[in-house]
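The values are calculated or read from the model by the stated rules, or taken from the named source; none is laboratory data. As the structure is a computational prediction, the values presented were derived from the model and not from experiment. Please note: Cβ atoms are built from the backbone with ideal geometry, for glycine as well, and neighbour counts cover all protein chains shown.
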Amino acid sequence: MRCRAKPAAFLVVAAISTAFAAPDSPNPLREQFLVLKREYQSSVSATIEATRNAESKEEQIRLRDVLQDLHKRFPKRLFDLANDRIADPVAAEILSYLVANFDSTPEAEQATELLIRRHPRSEHLVPACQWLARGSCDAAEAWLRVVLGGNPHRAVRGEACLGLAQVLKRKIDANPQSEDELTTELRQLLGRTANEFGDVPHGKGTLADAAKAELRSLTVIAIGNEAPEISGTDIDGKQLKLSDYRGKVVLLKFWGLWCPPCRSMLPIEQAFVARFKDKPFAMLAVNTDRENLEELKKRFAAEKITWPNWRDSGGGPICRAWKIRAFPSTFLIDHNGVIREKWLGNQGEKIFGDAIDRLLKEAEDAQGKNDPK
């Protein structure tokens, strides 16, 4: 993983005064940027039009390769342009444009780090903060703390505040043992986002909307809280509700066949279905595959997946309600409907199995008390 540089001595660099061009004089770097953008947009439009008018399948494939090459080369040209004149404030605009429009490229990661390291007080850091919040940069937390603590622009600080909270949330998800240590700061950051920066536009709403949604996920999707209802249809079109399994220990997995770590859990789940078939246990899943239903049914049959799966194509409303950000995400719910464990990734049959055994004993003990001989 790139983006590991820690934001230590860069403030000295940022403090060096930069000579600004007079307001009415053209900036050569901006002119180069605009020319490059126009060239790219013109080439893309021409290639798309040529693809529509192609007379053969082979020509369409060739033109699609040309289009992919344009998308691949343009971010690098942008990055090199900004990097060559990094002291110029316009370089921050270029890097911000790169991150906002080409966020899945390697250059977006490089641009984010360079942008914050060299222009930490820029008004153009919103896309970089958003990229750090949803990405996997090793130094994301440190960079966002720098921006939150030192950027003079309110919208930028607001995005950094929300982004830092989201990074801490991911740390808790990856290591539930850190929950007690980090949850207090997480709640403080979300509260600050809503109160201090709440009216700042964010996505289709405001930062307050985003912060409140994150807070709801903390109070709802958390170990020790009752599992929210899931109601929908399975891949056979039958109605399926989580609450119908109250009284049983439920292993609930959010997954997809597209995800190799998810598929690696299938033998474990098949073993649990057989091992606990006479126990108050249910294996349930939320499937996110985008394939058409008939194809998905064939793949389920081939993989011997016999337990109920909600259909939530592409990580739809069920995943959003449960704030699922990584796959596989697995929850263990006790017979009272309370979330007792949460795991990211394949933890192995022993860890999953020991936890299920423990909750099954609780369920059977409770059943014994309710039905004395």
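Let's see how each residue does on (1) in the same structural domain as VAL156 (by TED's automatic domain parsing); (2) in contact with a Leu (Cβ under 7 Å, 6 or more places away or on another chain); (3) at pLDDT below 95:
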{"site": "ARG52", "(1), (2), (3)": "yes, no, yes"}
{"site": "GLU58", "(1), (2), (3)": "yes, no, yes"}
{"site": "HIS71", "(1), (2), (3)": "yes, no, yes"}
{"site": "ASP88", "(1), (2), (3)": "yes, yes, no"}
{"site": "ALA100", "(1), (2), (3)": "yes, no, yes"}
{"site": "THR105", "(1), (2), (3)": "yes, no, yes"}
{"site": "ARG121", "(1), (2), (3)": "yes, no, no"}
{"site": "ARG134", "(1), (2), (3)": "yes, no, yes"}
Could you say which residue among ASP244, ASP289, ASP278 is part of a loop (DSSP other than H, G, I, E, B), without any contact (Cβ under 8 Å) to a residue 60 or more places away in the chain, closer than 21 Å to LEU360 by Cα and not assigned by TED's automatic domain parsing to the domain that holds ARG192?
-> ASP278
Flag for ARG311 being of a type in the set (Lys, Arg) and within 24 Å of SER136 (Cα to Cα) | no
Inspect region 224-241 for any residue being in a helix (DSSP H, G or I), surrounded by 14 or more Cβ atoms within 10 Å (Cβ to Cβ) and not hydroxyl-bearing (Ser, Thr, Tyr) and give the result as yes or no.
-> no
Could you please tell me which pairs satisfy a Cβ distance under 6 Å, a separation of 6+ or placement on different chains, a first residue in region 209-236 that is in contact (Cβ under 8 Å) with a residue 60 or more places away in the chain, and a second residue that is assigned to a helix (DSSP H, G or I) and of a type in the set (Val, Ile, Thr)?
-> PRO228/VAL220; ILE230/ILE318
LYS277 versus (1) loosely packed, with under 15 Cβ neighbours inside 10 Å; (2) at pLDDT below 95: which is the lone unmet condition?
-> (2)
Within region 309-342, residues of a type outside the set (Gly, Ala, Ser) and more than 14 Å from ALA285 (Cβ to Cβ) come out as PRO317, ARG320, LYS323, ARG325, ASP334, HIS335, ASN336, VAL338, ILE339, ARG340, GLU341, LYS342
